[in-house]
1. Please pick out the residue among ALA249, ALA193, ALA198 that is assigned to a loop (DSSP other than H, G, I, E, B), aliphatic (A, V, I, L, M) and without any contact (Cβ under 8 Å) to a residue 12 or more places away in the chain.
2. Which one is nearest to LEU21 (Cα to Cα), of the residues in segment 110-134 that are of a type in the set (Asp, Glu) and without any contact (Cβ under 8 Å) to a residue 40 or more places away in the chain?
3. For segment 179-190, what are the residues that are surrounded by fewer than 20 Cβ atoms within 10 Å (Cβ to Cβ) and either free of Cβ contacts under 8 Å to residues at least 12 places away in the same chain or not hydrophobic (A, V, I, L, M, F, W, C) (or both)?
4. Filter segment 116-138 down to residues that are closer than 11 Å to THR171 by Cα, in contact with a Phe, Trp or Tyr (Cβ under 9 Å, 6 or more places away or on another chain) and not aliphatic (A, V, I, L, M), then give me how many there are.
5. Do we find that ASN175 is in contact with a Ser or Thr (Cβ under 6 Å, 6 or more places away or on another chain) and either assigned to a loop (DSSP other than H, G, I, E, B) or among the aromatic types (Phe, Trp, Tyr) (or both) in this structure?
6. Can you name every residue in segment 58-72 that is touching a strand residue (DSSP E or B) at 6+ places or on another chain (Cβ under 8 Å) and part of a loop (DSSP other than H, G, I, E, B)?
7. Do any residues in segment 160-176 that are over 9 Å from PRO121 (Cα atoms) and open to solvent by 20 Å² or more (accessible area, probe 1.4 Å) have Cβ atoms under 6 Å from those of residues that are among the basic types (Lys, Arg) and in a helix (DSSP H, G or I), where the two are at least six apart or on different chains, and which pairs are they?
8. Can you spot a residue in segment 252-272 that is open to solvent by 70 Å² or more (accessible area, probe 1.4 Å), over 26 Å from THR171 (Cβ atoms) and in contact (Cβ under 8 Å) with a residue 60 or more places away in the chain?
Amino acid sequence: MMKNVGFIGLGIMGKPMVRNLLKAGFAVTVFDVVADAVQVMAAAGAKAAASAKEAATGADMVITMGPNGAIVRSILSGADGVLAGAAKGTIIADMSSVTPVESKEFAALAAEHGCDFLDAPVSGGEPGAVDGSLAIMVGGDAAVLEKARPVFAAMGKTITLVGPNGSGSVTKLANQVIVNLNIAAVSEALILATKAGADPKKVYEAIRGGLAGSTVLDAKAPMMYSRNFKPGGPIAINLKDITNVMDTAKGMELPLILTGVLQQIMHSLKATGHLMDDHSGIVQFYENISGVVVKSDEA
């Protein structure tokens with residue numbers, strides 16, 4: 001039975017994920033390099049740790065939620081890392097978005113210490129983390145997943161074993177391609193409609209029930225025409241993911257034409273100061289090159 005959970009990484013996603021673990025009755029020990037984030041979670045009922053090692057000590061399962069692979073590697077390794085504190089048989093679940101190559105490396109590190117490893121990135125953004133409806137895509141051993149399933153179930157609605165280590169991470173990259181290219185497509189469509197004199201909100205309402213309708217459209221079109229770019233999924237994180245996609249594809253000599261263009265759009269948004277906007281802010285690239293602002297009179 002999974003009772004004690006260590007959780008490292010208390011950002012936009014991590015804090016609500018910990019809250020849902022606490023609600024489900026797990027004893028959660030937390031660590032983050034941002035001390036204030038640790039104190040916020042301690043006030044919510046978690047136990048504060050002074051290091052990743054301390055958070056892992058005595059845990060049945062340790063979850064890492066870092067911004068990139070390099071940081072996850074540092075969380076796992078070293079004298080104060082997770083693997084220095086985790087006992088043999090502990091399940092290490094990295095729920096960050098990293099490359100499949102990095103996930104396989106982390107699995108090997110865990111195995112050297114007698115620990116099991118799952119790469120288990122998520123989709124659903126901050127809203128999914130808050131309401132516990134994340135989609136969790138898992139790479140690893142089926143028997144290990146079954147042990148970890150109650151912990152994942154406290155945070156997510158769908159939990160899918162895709163294949164061996166690395167499979168969860170590559171599924172997340174595929175997810176990010178679909179999501180971000182859809183956002184770019186919505187941006188182009190609403191730019192077209194606005195330029196032609198149509199209200200983008202009315203256009204959205206007219207098409208959402210047809211074949212163009214999607215979760216992405218429903219989540220991001222209203223943010224565009226109401227000019228709300230408060231980050232649930234910031235461009236910074238999505239640029240990191242799309243860069244991981246392109247690096248992974250390059251390693252396989254695989255051409256990804258549209259994703260390559262998307263990466264350049266995101267670099268342009270970074271250069272013009274929009275890196276921390278929500279990825280619905282991709283529309284601002286098209287606004288900058290077209291002289292059109294997507295805004296509804298009814299927003």
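The values are calculated or read from the model by the stated rules, or taken from the named source; none is laboratory data. The structure displayed is predicted, hence computed values, not measured ones. FYI the Cβ positions are ideal-geometry reconstructions off the backbone, even for glycines, and counts take in every protein chain you see. Note: accessible area is taken over every heavy atom of the protein model, side chains too, but ligands, DNA and RNA are not part of it. Shrake-Rupley method; radii C 1.70, N 1.55, O 1.52, S 1.80 Å.
1. Numbers: ALA249 fails: assigned to a loop (DSSP other than H, G, I, E, B); ALA193 fails: assigned to a loop (DSSP other than H, G, I, E, B).
Within the list ALA249, ALA193, ALA198, the selection yields ALA198.
2. ASP131
3. Across segment 179-190, the qualifying residues are ASN182, ALA185, GLU188.
4. Going through segment 116-138 one residue at a time, the tally reaches 1.
5. Working: in contact with a Ser or Thr (Cβ under 6 Å, 6 or more places away or on another chain): yes; either assigned to a loop (DSSP other than H, G, I, E, B) or among the aromatic types (Phe, Trp, Tyr) (or both): no.
Answer is no for this residue.
6. Initial filter on segment 58-72 (touching a strand residue (DSSP E or B) at 6+ places or on another chain (Cβ under 8 Å)): 58-66, 72.
Of everything in segment 58-72, those that are touching a strand residue (DSSP E or B) at 6+ places or on another chain (Cβ under 8 Å) and part of a loop (DSSP other than H, G, I, E, B) turn out to be GLY58, ALA59, ASP60, MET65, GLY66.
7. ASN165/LYS104
8. No, that holds for no residue.
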